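Chemist: Can you keep this structure in mind? I'll have questions shortly.
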């Protein structure tokens, strides 16, 4: 199994005629490299949708932090709203939208927690202040004032003033293993191209078909 591909990965891939592609992860890598060159900020930004116990959906923007044939990795607090929702219903949907390229990719599938070793390795490479923020934030819980948060940041800055900063136990990584991936390319007069790759389970082969715009 290949190592998780960092978003710092670079390669000489070009998009070409994407409708002829027969494997979605290779096509994603091509489109992502195109986005890295064309998007003014955060080409790795993606919307993630989860659902609460009543089936009410929630969607928010997060950052892709790695990908390979196993899926797409992002990090958050296990105690956050999305963390709690994925614990109760371990499935999610992602959308990448690159306005500069007039493209989007949609995917959905089961979500699993990455290994502690993988999460530790990623956390170690974060900026020091971002590590402090991971300790200081009680993500998604009510905050009485901005000052209270700043005091928490100051507390953990002092606590970890010297030496390495460990990863908070509730700050973890998630991997979405897609069962479907749709590649959408804008065309004039809304005659768009939509190509879908689908599989029944993560170990099954992909099937491919077109959708009407």
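Chemist: Let me confirm something: among 173, 163, which residue is at pLDDT below 95 and closer than 30 Å to residue 137 by Cβ? Even if it seems obvious, please write down each step before you answer.
Modeler: On the way: 173 fails: at pLDDT below 95.
Exactly one of 173, 163 is at pLDDT below 95 and closer than 30 Å to residue 137 by Cβ, namely 163.
Chemist: Quickly run through the stretch 164-186 and pick out the residues that are more than 27 Å from residue 112 (Cβ to Cβ) and touching a strand residue (DSSP E or B) at 6+ places or on another chain (Cβ under 6 Å).
Modeler: Within the stretch 164-186, 185 is the sole residue that qualifies.
Chemist: Name the one entry in 168, 188 that is farther than 18 Å from residue 106 by Cα and at pLDDT 95 or above.
Modeler: On inspection, the qualifying residue turns out to be 168.
Chemist: Pick out, from the stretch 55-149, the strands (runs of 3 or more DSSP E) lying fully within it that include 1 or more residues that are touching a strand residue (DSSP E or B) at 6+ places or on another chain (Cβ under 8 Å) and surrounded by 18 or more Cβ atoms within 10 Å (Cβ to Cβ).
Modeler: Output list reads 66-68, 71-77, 91-98, 103-113.
Chemist: Moving on to the next point. Could you tell me how many of the residues in the stretch 31-54 are assigned to a strand (DSSP E or B) and surrounded by 18 or more Cβ atoms within 10 Å (Cβ to Cβ)?
Modeler: So the count comes out to 3.
Chemist: Shifting gears a bit: Return yes or no: is residue 187 farther than 26 Å from residue 65 by Cα and loosely packed, with under 14 Cβ neighbours inside 10 Å?
Modeler: yes
Chemist: On to the next question. Anything in the stretch 5-43 that is in contact with a helix residue (DSSP H, G or I) (Cβ under 8 Å, 6 or more places away or on another chain) and at pLDDT 90 or above? List them, or say none.
Modeler: Correct list: 27, 30, 31, 43.
Chemist: When the stretch 182-213 is examined, which residues are found to be outside any loop (DSSP other than H, G, I, E, B), under 18 Å from residue 99 (Cα atoms) and more than 22 Å from the chain's Cα centre (by Cα)?
Modeler: Across the stretch 182-213, the qualifying residues are 188, 189, 190, 193.
Chemist: Are any residues in the stretch 150-181 surrounded by fewer than 15 Cβ atoms within 10 Å (Cβ to Cβ) and part of a strand (DSSP E or B), and if so, which ones?
Modeler: Selection gives nothing.
The values are calculated or read from the model by the stated rules, or taken from the named source; none is laboratory data. Computed from a predicted model, the values in this text were never measured in an experiment. No Cβ is skipped: glycine too gets one built from the backbone with ideal geometry, and neighbour counts run over all protein chains shown.
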